[in-house]
Amino acid sequence: MLAGGVSSVASHRIAGSLRTAILDGSYLPGERIRQEDVAARSGASRIPVREALRMLDAEGLVTLVANSGAWVTELTLDECAETYMIRERLEPLLLRRSMPRLDAAAMDRLGRLAGDMETRAGVEAFMRADREFHLSSYSGAASGQTWQIIHRLWNTTQHYRREFTRRAVSSAGESGLAVTHLEHRLLLDCIRRQDRDDAERVLVTHIRRTRLELVKHPEIFAEGDRQ
């Protein structure tokens, strides 16, 4: 029992480290994650590494291929566009369910995150605050199946949102995110007013705009299935 508990702790520790590395771009889509390398770095056996990779596969961050190994999940342009269209339909539903359960403290936190996105320089700082802002806005409904689906979709599209952000910033500096900041403020206003219909409309527009920009750049996507 003790050995199993120790292995479980190691698995969660390794999964946490890999999760952070994938989300911050240290691993790129399609990059192989070798069990032996992770085991050596973490000072663990391959058993907890395999369990950690299974956790990340369930979260959409890693794709396990039978008799082959583990790769950071990548999407083709069509897969990414479809994922965003699913998000356009499901996230407004999740937000609608979440809003009545968001208290004043939660709304204040959303306000601070919106401010952080506007004042902190750098793509990675924006990415962290943006992810927390949206997932926090859904936290009032975080126990249901829709939340689990959306969380997985956010994981699979993390790299592509980063590319959208990089292109926006590279084209016009930090002002390239001005529309994004405005949409966050509009969304926050809807949440504070508890106007769920307006909140859904703003969120649909927000997600769709990213999708339409991403499909203009096919060069950032996988060209086909992994061999």
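The values are calculated or read from the model by the stated rules, or taken from the named source; none is laboratory data. Model, not experiment: these values are computed from the prediction. Here the Cβ positions follow ideal geometry from the backbone for every residue, glycine too, while neighbour counts run over all protein chains shown.
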> Hey, Leu28 hits all of (1) over 16 Å from the mean Cα position of the chain (by Cα); (2) modelled with pLDDT under 95 but one; which does it fall short on?
Replying inline: (1)
> So which residues in region 11-54 are under 14 Å from Thr156 (Cα atoms), touching a residue at least 24 places away in the same chain (Cβ under 8 Å) and among the hydroxyl-bearing types (Ser, Thr, Tyr), if there are any at all?
Replying inline: Tyr27
> In region 70-91, what count of residues is obtained for those that are surrounded by fewer than 18 Cβ atoms within 10 Å (Cβ to Cβ) and among the acidic types (Asp, Glu)?
Replying inline: 4
>> Just the residues that are over 17 Å from the mean Cα position of the chain (by Cα), at pLDDT 95 or above and not hydrophobic (A, V, I, L, M, F, W, C), please, taken from region 190-213.
In response: Arg192, Arg193, Gln194, Asp195, Arg196, Asp197, Asp198, Glu200, Arg201, Thr205
> From the set of residues in region 130-160 that are farther than 18 Å from Ala58 by Cα and of a type in the set (S, T, N, Q), which is surrounded by the most Cβ atoms within 10 Å (Cβ to Cβ)?
Replying inline: Ser137
>> Quick check on Arg97: is it over 14 Å from the mean Cα position of the chain (by Cα), exposed (fewer than 15 other Cβ atoms within 10 Å of the Cβ), over 19 Å from Arg185 (Cα atoms) and not polar (S, T, N, Q)?
In response: no
> In region 210-224, how many are surrounded by fewer than 15 Cβ atoms within 10 Å (Cβ to Cβ) and closer than 19 Å to Val123 by Cβ?
Replying inline: 4
> If you take the residues in region 166-199 that are in contact with a Leu (Cβ under 7 Å, 6 or more places away or on another chain) and closer than 28 Å to Glu74 by Cα, which one is surrounded by the fewest Cβ atoms within 10 Å (Cβ to Cβ)?
Replying inline: Val169
>> Condition first: aliphatic (A, V, I, L, M) and surrounded by 14 or more Cβ atoms within 10 Å (Cβ to Cβ). Now tell me which residues in region 16-46 satisfy that.
In response: Leu18, Ala21, Ile22, Leu23, Ile33, Val38, Ala39, Ala44
>> Checking Asn67 against (1) polar (S, T, N, Q); (2) closer than 20 Å to Ala129 by Cα; (3) surrounded by fewer than 20 Cβ atoms within 10 Å (Cβ to Cβ), only one condition comes out false. Which one?
In response: (2)
> Which members of region 60-117 meet the condition of being β-branched (Val, Ile, Thr) and assigned to a helix (DSSP H, G or I)?
Replying inline: Thr83, Ile86
> Which numbered condition trips up Ala168, out of (1) free of Cβ contacts under 8 Å to residues at least 12 places away in the same chain; (2) part of a helix (DSSP H, G or I)?
Replying inline: (1)
